[in-house]
Amino acid sequence: MQEVFNRYINYLVAERNVSPYTVRNYTSDLVGNSKRGTEKGFFQFLRMKKIESLDKADKWVLREYLAYLANQGVAKASIARKLSAIRSFYRYLSREKILDTNPLEHSVSPKLDKRLPEFLTIEEVVKLLQAPDLSTPQGLRDRALIELIYASGLRVSELVNLNIDNINIESHEIRVWGKGSKERIVLMGEHAATAIVNYLANGRPKLQVKKTGGNALFLNRDGNRLTERMVQLLMHKYAGLAGIEKDIHPHLLRHTFATHMLDGGADLRVVQELLGHSNLSTTQIYTHVTHGQARKVYLAAHPMAKLEGKIDEDRQEDSRA
């Protein structure tokens with residue numbers, strides 16, 4: 001199994017051009033990790049069941065595996081991800097003629113609970129942006145990167161891989177390579193552009209002492225390219241400084257960008273393009289509206305609500321009189 005899996009990973013990297021993050025997830029989902037907790041990898045489960053051949057893992061074995069994960073308390077979303085990894089692996093086995101047929105071709109995915117994505121309010125975004133200390137190079141960098149994620153909806157992987165020449169300050173455009181090395185152009189506002197100019201002029205030169213980060217836009221204190229993990233830790237740090245109790249991470253700012261764009265009246269397909277989503281259905285999870293926006297639309301559209309709003313205004317006028 002390990003040898004076939006290694007060939008599969010090489011295929012994903014060489015032909016599908018998947019990210020290291022995807023490789024890590026697929027490895028965890030298929031091979032598993034016995035260093036901590038209960039063994040939950042698919043190959044680990046097959047060994048537990050003494051199944052030594054991949055073609056013996058039919059849909060009944062898969063159902064038993066999914067039930068096993070559920071009994072271990074694994075979340076439905078994680079189970080669905082593992083199932084997706086298994087299906088992708090078996091499609092590869094069938095494509096390469098390693099298996100004559102795909103025994104999992106007609107397996108059914110577990111029904112997921114629908115959850116609205118979390119996002120920050122505008123007030124919380126302002127607090128987060130004000131948290132970095134702008135008297136330090138790191139503070140200038142952190143203000144710029146928070147401004148940039150919120151302004152553009154970048155994935156954290158896209159953010160840390162940005163180079164200086166990917167940024168066009170005059171046109172407020174950023175050239176980004178997203179999932180599958182797909183190139184797209186995203187936009188940023190005046191605040192983000194100003195923060196980046198300030199960082200490039202007064203922050204980055206002081207971080208580039210060892211000149212090991214090359215042309216990377218965001219550097220750490222050693223002059224190397226900032227990592228995804230470091231950005232995650234910075235978000236957690238500034239959430240605490242800002243007094244925001246939500247679990248803030250870079251992807252939450254991406255959620256916030258999409259939510260605020262749609263809340264402000266942006267077209268769904270424009271937001272899809274800016275986020276780099278291949279399918280519109282992925283973007284549609286952000287079509288929820290805030291309570292304030294829902295009330296505003298309701299009062300503006302419903303005839304009786306308009307009348308009620310007029311009555312409230314008249315009452316306020318009477319009280320002031």
Q. Here are some conditions: (1) within 21 Å of Thr27 (Cβ to Cβ); (2) modelled with pLDDT of 85 or more; (3) of a type outside the set (Gly, Ala, Ser). Glu52 meets all but one. Which one does it not meet?
A. (2)
Q.
Condition check: part of a loop (DSSP other than H, G, I, E, B), at pLDDT below 95 and in the same structural domain as Thr194 (by TED's automatic domain parsing). Does Ser171 satisfy that?
A. yes
Q | Failed condition for Glu52, given (1) surrounded by fewer than 16 Cβ atoms within 10 Å (Cβ to Cβ); (2) free of Cβ contacts under 8 Å to residues at least 60 places away in the same chain; (3) in a helix (DSSP H, G or I) | A | (3)
Q | Lys182, sole failed condition from (1) touching a helix residue (DSSP H, G or I) at 6+ places or on another chain (Cβ under 9 Å); (2) more than 24 Å from Leu120 (Cα to Cα) | A | (1)
Q) With respect to Val176, is the statement that it is β-branched (Val, Ile, Thr) and either under 25 Å from Leu129 (Cα atoms) or under 25 Å from the mean Cα position of the chain (by Cα) (or both) true? A) yes
**Q.** Selection from segment 229-254 of residues that are of a type outside the set (A, V, I, L, M, F, W, C), assigned to a helix (DSSP H, G or I) and touching a Leu at 6+ places or on another chain (Cβ under 8 Å)
**A.** Tyr238, Pro250, Arg254
Q: For segment 65-78, name all the residues that are outside any helix (DSSP H, G or I) and either under 22 Å from the mean Cα position of the chain (by Cα) or small (Gly, Ala, Ser) (or both).
A: Gly73, Val74, Ala75
**Q.** Answer residue from segment 55-82, given it is of a type in the set (A, V, I, L, M) and closer than 22 Å to Asp100 by Cβ and is surrounded by the fewest Cβ atoms within 10 Å (Cβ to Cβ) among those
**A.** Val61
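A quick yes/no check of all residues on (1) more than 20 Å from the chain's Cα centre (by Cα); (2) at pLDDT below 90:
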| site | (1), (2) |
| --- | --- |
| Ala193 | yes, no |
| Leu200 | yes, no |
| Val209 | yes, yes |
| Leu226 | no, no |
**Q.** All positions within segment 247-269 that are closer than 27 Å to Gly203 by Cβ and of a type in the set (Lys, Arg)
**A.** Arg254
Q) From Thr27, Thr38, which residue is among the β-branched types (Val, Ile, Thr), assigned to a loop (DSSP other than H, G, I, E, B) and under 25 Å from Val61 (Cβ atoms)? A) Thr38
Q.
Can you list residue pairs whose Cβ atoms sit under 8 Å apart, with the first residue in segment 73-90 being more than 22 Å from Arg16 (Cβ to Cβ) and the second being assigned to a loop (DSSP other than H, G, I, E, B) and of a type in the set (Lys, Arg)? Count only pairs 6 or more apart in sequence or on different chains.
A. Val74/Lys40; Lys76/Lys111
Q: Would you point out the residue of segment 215-229, among those that are without any contact (Cβ under 8 Å) to a residue 24 or more places away in the chain and surrounded by fewer than 14 Cβ atoms within 10 Å (Cβ to Cβ), that is nearest to Val18 (Cα to Cα)?
A: Arg229
**Q.** Cβ-Cβ under 7 Å pairs, at least 6 apart or on other chains, segment 136-157 side over 14 Å from Met235 (Cβ atoms) and at pLDDT below 90, far side surrounded by 23 or more Cβ atoms within 10 Å (Cβ to Cβ) and of a type in the set (D, E, K, R)
**A.** Gly153/Arg254
(Q) If Tyr26 satisfies all but one of (1) surrounded by fewer than 15 Cβ atoms within 10 Å (Cβ to Cβ); (2) in contact with a Leu (Cβ under 9 Å, 6 or more places away or on another chain), what's the number of the condition it fails? (A) (1)
**Q.** Residue satisfying condition, being of a type outside the set (Ser, Thr, Tyr), touching a strand residue (DSSP E or B) at 6+ places or on another chain (Cβ under 6 Å) and surrounded by 14 or more Cβ atoms within 10 Å (Cβ to Cβ), within set Ile146, Ile174, Ile196
**A.** Ile174
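Let's see how each residue does on (1) touching a Lys or Arg at 6+ places or on another chain (Cβ under 6 Å); (2) assigned to a loop (DSSP other than H, G, I, E, B); (3) more than 23 Å from Ile9 (Cβ to Cβ):
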position: Asn33; (1), (2), (3): no, yes, no
position: Phe43; (1), (2), (3): no, no, no
position: Arg63; (1), (2), (3): no, no, yes
position: Ala80; (1), (2), (3): no, no, no
position: Ser88; (1), (2), (3): no, no, no
position: Arg91; (1), (2), (3): no, no, no
position: Lys97; (1), (2), (3): no, yes, no
position: Pro103; (1), (2), (3): no, yes, no
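The values are calculated or read from the model by the stated rules, or taken from the named source; none is laboratory data. Since we're looking at a predicted model, the values are computed, not measured. Cβ coordinates were reconstructed from backbone atoms using ideal geometry, including for glycine residues, and neighbour counts include every protein chain displayed.
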